[in-house]
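The values are calculated or read from the model by the stated rules, or taken from the named source; none is laboratory data. Since we're looking at a predicted model, the values are computed, not measured. As a convention, Cβ positions derive from the backbone with ideal geometry for all residues, glycine included, and neighbour counts pool all protein chains shown.
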Amino acid sequence: MYTILKKRKLSDVTNEMVLDAPHVARRARSGQFVIVRIDERSERIPLTIADYDRSAGTITILFQEVGKSTMQLGTLQEGDHLLTCAGPLGNPTRVDHYGTVVCVGGGVGVAPIFPIARDLKEAGNTIISIIGARTRQLLIWEDRMRTVSDELIVCTDDGSYGRKALVTEPLKEVLEQRHVDRVWAVGPAIMMKFVALTTKPHNIPTVVSLNPIMVDGTGMCGCCRVLIGGQVRFVCVEGPQFDAHEVDWENLLMRMQYYKDEERLAVEHWKEHRCRLEQAEQEAEKERHRHG
Amino acid sequence: MAELTPKERMQIPRQEMPAQDPLERRYNFNEVALGFDFETARREAERCLQCKNPTCMDGCPVGVLIPQFIRHLREGDMAGAVVAMKERNSLPAICGRVCPQEVQCEATCVLAKRGAPVAIGRLERFVGDYELARRTCPLVRAAPTGMRVAVVGSGPAGLTCAVELGRRGHQVTIFESLHAAGGVLIYGIPEFRLPKWIVHAEIDYAMECLGIEIRTDHVVGRTITLDELLADYDAVFLGTGAGLPTLLNVPGVNLNGVMSANEFLTRVNLMKAYLFPEYDTPIKVGRKVAVIGAGNVAMDAARCALRLQHMRAEKEGGEPGQVYIVYRRSRQEVPARAEEFHHAEEEGVIFEFLTNPVEILGDEQKRVRGLRCVRMQLGEPDASGRRRPVPIPGSEFDLDVDMVIIAVGTTPNPVVFLNTYGLERTKEGTVVADMTTLRTTKPRVWAGGDVVTGAATVVSAMGAGKVAAADMHRFLCGEFSESEWWPAQVEAPTAGA
Ligand SMILES: Cc1cc2nc3c(=O)[nH]c(=O)nc-3n(C[C@H](O)[C@H](O)[C@H](O)COP(=O)(O)OP(=O)(O)OC[C@H]3O[C@@H](n4cnc5c(N)ncnc54)[C@H](O)[C@@H]3O)c2cc1C
Ligand SMILES: Cc1cc2nc3c(=O)[nH]c(=O)nc-3n(C[C@H](O)[C@H](O)[C@H](O)COP(=O)(O)OP(=O)(O)OC[C@H]3O[C@@H](n4cnc5c(N)ncnc54)[C@H](O)[C@@H]3O)c2cc1C
Ligand code: SF4
Ligand code: SF4
Ligand code: FES
């Protein structure tokens, strides 16, 4: 059992949690993730280790409510527990002195890009960060990103904050105007795909962190497999970071859609269940008032 | 019952196992084989000739005292039967259900030559279930030795090793990467063949009696390394199995609707996806499913798929669909347990023998729409002694399917070997170990089960756990030291041995 020590809502759908998980914290490094499971009936879902504190034995996760599991996770409060927290999984970021690195974070992908940017900064790189979200509300960790960036560009799709643009626009300009040695990008698959297309003509090595559907996260099922340079690779063991220009994006995007119908059904089922639960609680409350 | 003559014993027919009706059981995940009642068990036990030289025992990888436990059983002395059984096998309720008896103990029973061996497995299950319900024979722990052992992996190899060392008074901690202990018993073998409560009960009981601790969510190689374990513990046993799925090397393996049997079975069994949406993990099953391979894994995947199809039809109407098993050899070479093959046929799984997939075909949305196959014929015997299947030119045809489950084998998962040195492995990925002691090339590390042999059986993994535990005990008692670790006579095991 892993206790939720802190919980903060960053937007209606974005949550930050600090978990008590000393076994994960002690070896966690940037780029790695955990698999969590809420209760006996939950699925195992992967979430990036957005930060860690070895001495406190804690890790920070940040997630967006997109379906049943993340919605349920969002209802948990400080003091509640998770049944599973396995990790750290995947390979850590290969940190080196590259020169100038552009770190691109989209949506909730800003959280995973943060420890990567921090490590790269510590290794002596010049960091230009570009972070973006659909709208102001959803933009997270701007302050944290500022602390590890030499330059920070903020944009929103709808222009409600920062520049009105997709992250690929400022990226393109930076690449045209500056010398850049490497690009790191984390965000929705579709964003990472366009980042790859943007850096490709400039031939700049680009690393992305892939987020396919997973089950075990330990290399046992093959659910997370992607095509990298035509080869089948397991993201949970061999990734999650890969050369963006080698990724078969169509294959990844298509595989992420596989359980679309079930995901919708799960959310409907969950909402119905929540409704009934709340009703029952209200009834019980009334009952208590009547007797007390 | 009066003492029978051997002739009379041989006239008793082998007792049938009561089973759920094949047509009904396609709609549920309840256990298929229902088990003997006491009368049937005793009648079956009467068939045993109590041979002076019990050849049946030669066929059992852990040397169960077969005639002894059967004698107690037929005398109605269940406590004695349990003691005799537990002498060699701590998990009879599991082995009785999943051992391939027809190639092990029952194959070498003298009565096998006359057509019908004693149903040793079914009797073993009966004794195991009796003990599970009553716990007459507790596991006893010797005085604590102060020695600490880490066991990596909680499958049958790791569990057995832990139990054997726990009984000898050593302090054992098991590290398991998944959230539940049991290995293949829990994530692979389906509920209808091995109810999960049995596995949980056996594990909980052993942990309780022997004070063994299980740390789940610990992926050795990532959460903690083998070298770190060696710093903290006096000895380490690796029982991490062979959990890495082999995928087919044909075009189309990354289409939607193609999955490894491991994924399919893990979703269904470990995550209980057959209860979706009550349980969160989703599973999809095609209208027409092809399962590639014909081992136990393939049978299990096919029978799970068939059940999901029927449960869907019951809920939503429409036809359940079809499940095919596509196998490149013939019926005679099917490697699965005979009972599972038989049950799969009864339930309506369709077998395409002498057939090999060459390509998985996709539609515009990159979903499976068919499986291109070629017919095979049997040629000269290959290295395994079985006749090698060779394609018949021009015999390609398309099987109309919308899902493909690959069950063509597994190899050891390499994660446990990350960040460690000096542990030699074969080119197949299995750990090199001295087969008599199960010592690896790294001092204080033993290994056994599928991680050494490649995919094998539950009881052989248990046997390995015992062999290693015995040698580890000698080491922990100071009978030999690290400098005497790697004897010169050690040879790399041959593949599949
Ligand atoms: C290595 C790895 C690290 C990850 N790290 C994080 C993280 O730090 N924070 C986080 O919020 N998520 C992260 N994810 C994604 C996260 O695991 C999924 O969002 C989660 O499993 C969704 O479960 P669900 O039941 O809530 O939604 P589901 O019902 O499974 O999905 C609902 C909808 O959301 C879409 N979806 C799924 N994954 C994503 C995604 N990554 N981005 C956008 N849409 C998605 C699905 O396609 C579907 O349409 C990570 C994934 C991987 C593989
Ligand atoms: C679907 C299926 C059906 C089968 N049916 C039968 C049958 O009917 N009869 C029969 O005799 N045999 C059967 N087998 C084979 C049998 O189950 C295996 O041979 C046996 O389980 C091997 O035992 P093991 O302990 O070596 O490994 P496993 O049972 O594979 O257990 C290994 C354990 O180690 C854990 N692990 C792996 N890596 C790590 C790590 N890095 N850190 C921590 N833990 C780790 C795994 O999660 C797992 O729990 C079947 C196998 C499958 C897959
Ligand atoms: S353990 Fe397996 S092989 Fe040995 S006697 Fe029992 S059923 Fe037969
Ligand atoms: S060989 Fe067969 S008949 Fe003889 S003791 Fe063993 S089980 Fe009984
Ligand atoms: S999630 Fe199962 S192999 Fe990667």
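Couple of notes before you dig in:
- Tabulated pairs, segment A:13-31, first within 13 Å of chain B (Cβ to nearest Cβ) and surrounded by 19 or more Cβ atoms within 10 Å (Cβ to Cβ), second part of a loop (DSSP other than H, G, I, E, B) and not aromatic (Phe, Trp, Tyr), C-beta under 6 angstrom, 6+ apart or interchain: A:23/B:223; A:25/A:54; A:25/A:57; A:28/A:49; A:31/A:92; A:31/A:93
- Applying the criterion of being more than 16 Å from ligand 2 (Cβ to nearest atom) and among the acidic types (Asp, Glu) to the residues of segment B:24-78, the residue that is nearest to the other protein chains (Cβ to nearest Cβ) is B:24.
- Enumerated strands (runs of 3 or more DSSP E) restricted to segment B:227-301, each holding at least 1 residues that are β-branched (Val, Ile, Thr) and over 22 Å from residue B:154 (Cα atoms): B:258-260, B:288-292
- Those residues of segment A:243-261 which are within 19 Å of the chain's Cα centre (by Cα), part of a helix (DSSP H, G or I) and more than 7 Å from chain B (Cβ to nearest Cβ), in sequence order: A:244, A:249, A:252, A:253, A:256
- Leading residue by the ranking (farthest from residue B:153 (Cα to Cα)) among those in segment B:432-482 that are assigned to a helix (DSSP H, G or I) and basic (Lys, Arg): B:474
- Selection within segment B:254-311 - at the interface with chain A (Cβ under 9 Å from one of its Cβ atoms) and small (Gly, Ala, Ser): B:257, B:260, B:273
- Considering only residues in segment B:305-353 that are more than 24 Å from the chain's Cα centre (by Cα) and of a type in the set (S, T, N, Q), the one that is nearest to residue B:373 (Cα to Cα) turns out to be B:322.
- Residue A:227 being within 13 Å of chain B (Cβ to nearest Cβ), in a helix (DSSP H, G or I) and in contact with a helix residue (DSSP H, G or I) (Cβ under 8 Å, 6 or more places away or on another chain): no
- Residue ID - nearest to ligand 5 (Cβ to nearest atom), chosen from residues in segment A:57-90 that are in a loop (DSSP other than H, G, I, E, B) and within 9 Å of chain B (Cβ to nearest Cβ): A:90
- Restricting B:211, B:239 to residues that are modelled with pLDDT of 95 or more and of a type outside the set (Lys, Arg) narrows the list to B:239.
- Scanning segment A:258-278 for residues that are without any contact (Cβ under 8 Å) to a residue 60 or more places away in the chain and either hydroxyl-bearing (Ser, Thr, Tyr) or surrounded by 15 or more Cβ atoms within 10 Å (Cβ to Cβ) (or both) yields A:258, A:259, A:262, A:265.
- Criterion: farther than 18 Å from residue B:462 by Cβ and at pLDDT 95 or above - qualifying residue of B:157, B:119: B:119
- Evaluation of residue A:281 against (1) under 19 Å from residue A:223 (Cβ atoms); (2) assigned to a helix (DSSP H, G or I); (3) not aliphatic (A, V, I, L, M) (one fails), failing number: (1)
- When residue A:237 is tested against (1) in a strand (DSSP E or B); (2) under 18 Å from the mean Cα position of the chain (by Cα), just one condition goes unmet, and that condition is (1).
- Residue in segment A:195-208 that is under 20 Å from residue A:14 (Cα atoms) and either free of Cβ contacts under 8 Å to residues at least 40 places away in the same chain or surrounded by 20 or more Cβ atoms within 10 Å (Cβ to Cβ) (or both) present: no
- Segment A:190-224: number of residues that are away from every other protein chain (no Cβ under 14 Å) and closer than 30 Å to residue B:184 by Cβ: 1
- Considering residues of segment B:23-63 that are within 21 Å of residue B:93 (Cβ to Cβ) and β-branched (Val, Ile, Thr) only, the residue farthest from ligand 4 (Cβ to nearest atom): B:32
Okay, residues lined up against (1) of a type outside the set (Phe, Trp, Tyr); (2) within 12 Å of ligand 3 (Cβ to nearest atom); (3) not in a helix (DSSP H, G or I):
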residue	(1), (2), (3)
B:79	yes, no, no
B:106	yes, yes, no
B:118	yes, yes, yes
B:121	yes, yes, no
B:126	no, yes, no
B:129	yes, no, no
B:137	yes, no, yes
B:143	yes, no, yes
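- Verdict on residue A:215 being buried (at least 23 other Cβ atoms within 10 Å of the Cβ) and either part of a strand (DSSP E or B) or within 16 Å of ligand 3 (Cβ to nearest atom) (or both): no
- Checked against (1) out of contact with any Ser or Thr (no Cβ under 7 Å at 6 or more places or on another chain); (2) crowded, with 16+ Cβ neighbours inside 10 Å, residue A:43 passes all but condition (1).
- Residue under evaluation residue A:252, criteria (1) within 27 Å of residue B:223 (Cα to Cα); (2) in contact with a Pro (Cβ under 7 Å, 6 or more places away or on another chain); (3) of a type in the set (A, V, I, L, M, F, W, C), criterion not met: (1)
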